[in-house]
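Taking it in order: structure first as structure tokens, then the write-up.
The values are calculated or read from the model by the stated rules, or taken from the named source; none is laboratory data. Note that the structure is a prediction, hence the values are computed from the model and not measured. Quick reminder, even Gly has a Cβ in these numbers, built from the backbone with ideal geometry, and neighbours come from all protein chains shown. The area values use the complete protein model at the heavy-atom level, side chains included, leaving out ligands, DNA and RNA. Shrake-Rupley method; radii C 1.70, N 1.55, O 1.52, S 1.80 Å.
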Amino acid sequence: MISRLLRTPLTWIAIAVLAAGSVFGLYWFQPWKLVTDTEVAEPLSTVATVVSSGEFVSHEYETSGSARIVRTDDGRHRLELVGLSTSNGPDLRVWLTDQPVLEGSDGWHVFDDGHWIELGRLKGNRGDQGYDIPAGVDLDALTSISIWCKRFAVSFGAAPLDRAG
């Protein structure tokens with residue numbers, strides 16, 4: 001019975017479709033990232049002016065640490081993530097946004113509703129890291145940071161950026 005099934009073209013088509021679907025599913029979801037971490041230990045600014053800062057709240061995944069925007073000695077702005085801890089995931093980006101940070105599942109999907117600027121791919125899901133902010137960005141209009149999963153349009157965690165006194 002099995003040898004007869006293996007001789008039919010429909011069986012081979014079904015096997016090929018299942019194999020292709022499995023490969024696509026592994027690529028799309030990248031399940032191994034749920035059990036792996038990428039640690040980053042970039043040097044952070046020591047003599048800079050803190051423009052704004054805030055603590056991360058969790059959204060899709062448990063997220064902690066802080067975010068701060070600093071003005072460097074040469075007048076440029078830089079976003080620094082300090083002590084970040086979140087889950088690893090596919091296609092994670094760092095976004096400056098104009099959306100408010102809402103706690104819990106209410107905040108998972110709000111950041112692509114308004115204006116946002118992508119600063120780059122998340123360098124690692126653990127540790128300290130910095131991202132240059134392009135010149136001309138209106139920091140008064142962008143009031144939060146999100147660790148955004150672009151593939152699934154969901155925030156892993158976010159921090160409000162409150163102006164320094």
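The table below lists the values:
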item: Pair list, Cβ < 7 Å and 6+ apart or interchain, from segment 88-110 residues that are of a type in the set (D, E) to residues that are open to solvent by less than 10 Å² (accessible area, probe 1.4 Å) and assigned to a loop (DSSP other than H, G, I, E, B); result: D98/L142
item: Condition check for I147: open to solvent by less than 10 Å² (accessible area, probe 1.4 Å) and assigned to a strand (DSSP E or B); result: yes
item: Residue count, segment 45-65 (criterion: of a type outside the set (G, A, S) and either within 17 Å of the chain's Cα centre (by Cα) or open to solvent by less than 40 Å² (accessible area, probe 1.4 Å) (or both)); result: 9
item: Residue count for segment 134-163, restricted to those that are over 27 Å from D106 (Cβ atoms) and in contact (Cβ under 8 Å) with a residue 12 or more places away in the chain; result: 2
item: Residue that is modelled with the lowest pLDDT [pool: residues in segment 153-164 that are exposed (fewer than 15 other Cβ atoms within 10 Å of the Cβ) and in a loop (DSSP other than H, G, I, E, B)]; result: A164
item: Odd one out for G130 among (1) modelled with pLDDT of 95 or more; (2) under 19 Å from V57 (Cβ atoms); result: (2)
item: Selected residue (only one of V94, V40 is under 15 Å from the mean Cα position of the chain (by Cα), part of a strand (DSSP E or B) and at pLDDT below 95); result: V40
item: Residue count, segment 101-139 (criterion: surrounded by 12 or more Cβ atoms within 10 Å (Cβ to Cβ) and part of a helix (DSSP H, G or I)); result: 1
item: Condition broken by R68, with the remaining ones in (1) in contact with an Asp or Glu (Cβ under 8 Å, 6 or more places away or on another chain); (2) open to solvent by less than 50 Å² (accessible area, probe 1.4 Å) satisfied; result: (2)
item: Residue match in segment 110-127 (condition: among the charged types (D, E, K, R) and modelled with pLDDT under 95); result: yes
item: Residue tally, condition of a type in the set (A, V, I, L, M, F, W, C) and touching a Gly at 6+ places or on another chain (Cβ under 7 Å), over segment 107-147; result: 1
